[in-house]
Each structure stands twice: as structure tokens, then as C-alpha cells.
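*Asks:* Below: one structure in C-alpha cells.
The values are calculated or read from the model by the stated rules, or taken from the named source; none is laboratory data. Everything numeric in this text was worked out from a predicted model, so none of it was measured. Every residue, glycine as well, gets a Cβ built from its backbone with ideal geometry; the counts of neighbours run over all protein chains shown.
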Amino acid sequence: MASKLKWLYLIAGFLLVALAVLGIFLPLLPTTPLLLLAAACFANSSEKYHRWLLEHNLFGPIIRNWHESRCIPRKAKIIAVLSILIFGTYAIGFAIDNLAIRISGVIILVIGLIVVLRIPVCSRN
């Protein structure tokens, strides 16, 4: 049973990394949380892939910053806030016709903004 669970964690880790890579190009996919989840999955399944992710040139610093300091780079924070504002405003203002869904969307966007704005910026970035 433990072997099956390790395989599930390993597969989930790779799927989460793939989604995180897509998140680099698609602003509505949250890259950092997906990477953190992938790191947790690899930590429970494969030391090799966990180490690979932590040592990755692009992804490693994001994960290490979070583990060590619970912070995100200023650039990541700015991109997150702008993405929420631009794409969220577009979706609520133009792409959604249903009033109940618009209201729900506004609530979700406000919560997302509050969460992102409360995360500290790393002092070395």
C-alpha cells in the first residue's frame, strides 16, 4: 500500500510541476502554490525529484524562499496582483453575464488579493 501511495505522490508531483510551468504563461494558474504542492509530493515520494526541484534554477529559489522565510519575490507579488486585477476585472466585467457568479467572482478576487497582499516580500529581492 505504501508503494502505491508513493507512486500517487510522484505522479501528482509531476502533474503539479507541469501545471506550474503552464502558470508561468497563463496568469490565472498560481505557479508558486503549485510548486509548493509539488515539492511536498516529491518529499513524500522521491528524494531524487525533491532535490531536483529544490536545485532547479527557476523553481528552486521560489520554494527555498517560502520554506526559509515565508516570503515571495517582489516581482512575483506584482505579477500576481496585476493578474488578479486585470484578468479578474475582465472576467467579472465582460465575460460573465450571471449576477450571482459575478458577485461570487468579486468575493473570490478580493480574498485572493488580500491573501497575496499579506504575503511578505523577500528582503533580498
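*Asks:* Taking the stretch 24-57, which residues are polar (S, T, N, Q) and more than 13 Å from Lys6 (Cα to Cα)?
*Replies:* Listed by number, the residues that qualify are Thr31, Thr32, Asn57.
*Asks:* Can you pull out the residues in the stretch 1-20 that are surrounded by fewer than 16 Cβ atoms within 10 Å (Cβ to Cβ) and either touching a strand residue (DSSP E or B) at 6+ places or on another chain (Cβ under 6 Å) or under 29 Å from Leu113 (Cβ atoms) (or both)?
*Replies:* Leu15, Ala18
*Asks:* Give the stretch 62-86 a look and list any residue that's under 20 Å from Ile111 (Cα atoms) and over 16 Å from the mean Cα position of the chain (by Cα), or say none.
*Replies:* Hits for the stretch 62-86 are Leu85, Ile86.
*Asks:* Residues that are out of contact with any Cys (no Cβ under 9 Å at 6 or more places or on another chain) and on the phi > 0 side of the Ramachandran plot: does the stretch 35-52 have at least one?
*Replies:* Within the stretch 35-52 (the criterion being out of contact with any Cys (no Cβ under 9 Å at 6 or more places or on another chain) and on the phi > 0 side of the Ramachandran plot), the answer is no, since none of the residues qualifies.
*Asks:* Being of a type in the set (A, V, I, L, M) and either under 26 Å from Ala2 (Cα atoms) or at pLDDT below 90 (or both) narrows it down to one of Val121, Val17, so name that one.
*Replies:* Val17
*Asks:* Quick one: in the stretch 56-91, of everything that is among the basic types (Lys, Arg) and in contact (Cβ under 8 Å) with a residue 12 or more places away in the chain, which residue is surrounded by the most Cβ atoms within 10 Å (Cβ to Cβ)?
*Replies:* Checking each candidate, the answer is Lys77.
*Asks:* Only one residue in Leu85, Leu53, Leu29 is at pLDDT 90 or above and not β-branched (Val, Ile, Thr), so which one is that?
*Replies:* Leu53
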